[in-house]
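Undergrad: Structure below; questions to follow.
Read-outs: derived from the displayed coordinates by stated rules, not from any lab. What you see is a predicted model; the values in this text were computed from it and never measured. Every residue, glycine as well, gets a Cβ built from its backbone with ideal geometry; the counts of neighbours run over all protein chains shown.
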Amino acid sequence: MNVGRESTAVVAQPGIARRRLCRPFNCMDKIIRVILPFHLRALAHADSEITLEVASPVTQASVLDALEERYPMLRGTIRDPTTRQRRPFLRFFACQEDLSHNPPDVPLPEAVATGSEPFLIIGAIAGG
Amino acid sequence: MASVRVLVGTRKGAFILTSDGKRDKWEVSGPHFAGWEIYHLKASAVDPNRIYASQSSAWFGQIIQRSDDGAKTWHQPGTPAGPAAMAGPPQSNKFAYDTSAAQGKPLTTHQWYDGTQHPWEFKRVWHVEPSLSEADTVYAGVEDAALFRSTDGGESWHELSGLRGHGSGPHWQPGAGGMCLHTIILDPSRPQRIFTAISAAGAFRSDDGGASWKPINRGLYSKYIPNPTAEVGHCVHHLAMSAKRPGVLFMQKHWDVMRSDDAGDSWTEVSGNLPTDFGFVIDVHAHQPETIYVVPIKSDSEHFPLDGQLRVFRSRCGGNEWEALSKGLPQKHCYVNVLRDAMAVDSFEECGIYFGTTGGQIYASADAGDSWNAIVHDLPAVLSVEVQTLK
């Protein structure tokens, strides 16, 4: 149960109607879709696609902050826990663009911010 | 009834093998953490159901896992067991090097392969070593080489920076497998004494609980370094010590099998009649401190057994005189390796010996090495083997 916890930017999936809010819903918050790679899904006991509530402006950093807040076991797996830099074998895609090298505080595309397109966290392909 | 639990770390997950005291029928559980590299698992001597595991991935970094129920369930320390729930952010995956000036000289670089200085960069935990007296205290040996300690069950980690800071740290250099602190031995007779080994720096000892350290490499000879008898720079592959006789250490170096009778202050070679003295593992019989085991590997360029024959060699007199043990082991076309943390012993009256191979076999002997059986044949490449004797 998530009731009673304060000052978190994230709300559990799957739907707004069923969500237990960690703080009062802010109409300025955005519902962001995030797709995780297999191993992070397993680690987080989560589905492939999850939804997060993220305050505007929606950026890489704010999405990842929200993700780690909701799934603390993912902290350190996407960004180095000390430097906060993206791990080198991971990439961030959205709207058919590679956003991996964009500064973390640059707003994500509007389609991501409105939830019409997901934010994809992709692991480098392994295998021959 | 007495039982045994074998904790196996592999390239693609962890496996738990259990049997009764006869050790002839086994149950296999796993893979746990499927698809992840599990460098090492080890249980607390204080609480046998408390098991720490190092889970890592080139993609997602380092994760520490802990079980409090004998490997039935796992969680990252600081997060709740089971499905995700709200919790404070875990620090259990954070291994931050001490860059303070407390040591008088911030330790930010070490020697790289080409001799230039290179930043210290955390990569993974190679070895977890639970305290002999406190279930919540555990040590971690990491790459790039450093020693960390947690006193809260793995929730947070703090470097024992006196090891890197004792003076020779900037001269340490990685071996081909990386610059890893892979061996941690706690002395049951002297709670403040800790031994560690680093590839390719050498062996080190602390007599004050990890605050200060000194190299213990006198007597080692490594012809692959500019000064073969240097204080540091030796590629120590593994150390072993019998709890029955603390202070007597055995070492499998890159080349050479060594022993020390003075807690590492000096070493003598005991390779004796081994067909090759290159190898990775070394271990000591649980009840006979002069009975030791190695698995000779052909050479540093050919990491497989000599002549395609997998043989364990046993010395009953602390080295120099070795006998080959091959009953039940493949004696032709065998080209696996046995990595440094992949041998362990149980403490049944008839001591059991266990080792894992890069071919995915776990071999067990319930008669101190006289004969062997494969518990499993086809696991992923085995990185580590630990054994719990549960009575």
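Undergrad: Return B:353, B:16, B:198 ranked ascending by Cβ neighbour count within 10 Å, so the fewest neighbours appear first. Please list the in-between numbers first.
TA: Numbers: B:353 26, B:16 21, B:198 32.
Fewest-to-most ranking of B:353, B:16, B:198: B:16, B:353, B:198.
Undergrad: A follow-up question, please. Neighbour counts of other C-beta atoms within 10 Å: give me B:20, B:144 arranged from fewest to most.
TA: On the way: B:20 13, B:144 21.
Ordered by Cβ neighbours within 10 Å, fewest first: B:20, B:144.
Undergrad: Label points 7 Å out from Cα along the Cβ direction at residue A:61 and residue A:84: separation in nm?
TA: 0.5
Undergrad: Taking the number of other C-beta atoms within 10 Å as the exposure measure, put A:74, A:90, A:108 in order starting with the fewest.
TA: On the way: A:74 27, A:90 19, A:108 24.
Going from least to most buried by this count: A:90, A:108, A:74.
Undergrad: Report, as a whole number in µm² per second, the diffusion coefficient that Stokes-Einstein gives for the stretch A:30-123 at 10 °C and 1.306 mPa s using the Kirkwood radius over alpha carbon pairs. Kindly include the intermediate steps, with their values, before the conclusion.
TA: On the way: Rh = 13.0 Å.
Roughly 122 µm²/s, to the nearest whole number.
Undergrad: Another question about this same structure. So what J values fall out for the stretch A:47-56 if you push phi through Karplus, 6.51 cos²θ - 1.76 cosθ + 1.60 with θ = phi - 60°, rounded to Hz, Gly and Pro as x?
TA: Karplus-based 3J(HN,Hα) across the stretch A:47-56 equals 6, 4, 10, 10, 10, 10, 9, 10, 6, 6 Hz.
Undergrad: Taking residue B:22 as the anchor, which lysines have their alpha carbon closer than 28 Å to its alpha carbon, excluding any fewer than eight residues away along the same chain?
TA: Once the sequence-local lysines are set aside, what remains near residue B:22 is B:42, B:72, B:244, B:327, B:391.
Undergrad: Over all directions, the average projected area of the alpha-carbon convex hull for the protein assembly as shown comes to how many nm²?
TA: On the way: hull surface 101.1 nm².
So the Cα hull casts an average projection of 25.3 nm².
Undergrad: Please state the relative contact order of the stretch A:30-123 as a whole percent: Cα pairs under 8 Å, 6+ residues apart?
TA: Working: 146 pairs, mean separation 35.3, N = 94.
Computed value for the stretch A:30-123: 38 percent relative contact order.
Undergrad: Check residue B:126: other-chain or 5+ apart residues with amide H under 5 Å from its amide H, H built from backbone geometry?
TA: Under 5 Å from the amide H of residue B:126 lie the amide H atoms of B:141, B:142, B:143, each far enough along the sequence or on another chain.
Undergrad: A further question on this structure: Using a ≥ b ≥ c from the Cα gyration tensor of the stretch B:245-297 (square roots of the eigenvalues), is it rounded, prolate or oblate, where a/c under 1.5 gives rounded and otherwise the larger of a/b and b/c decides, a/b for prolate? All intermediate terms of the calculation are to be shown ahead of the outcome.
TA: Details: a/c = 2.09, a/b = 1.33, b/c = 1.57.
Judged from the Cα gyration tensor, the stretch B:245-297 comes out oblate (a/c at least 1.5, b/c at or above a/b).
Undergrad: Further question on the same structure: Based on alpha-carbon atoms only, what is the radius of gyration of chain B relative to the globular estimate 2.2 N^0.38 Å?
TA: On the way: Rg = 19.7 Å, N = 391, 2.2 N^0.38 = 21.3 Å.
My calculation over the Cα atoms of chain B gives 0.92.
Undergrad: Let me ask you something else. Using a Förster distance of 22 angstrom, determine the FRET efficiency expected from the C-beta separation of residue B:243 and residue B:49, and round it to 0.05. Could you put the intermediate results ahead of the total?
TA: Details: r = 21 Å, r/R0 = 0.94.
E between residue B:243 and residue B:49, to the nearest 0.05, is 0.60.
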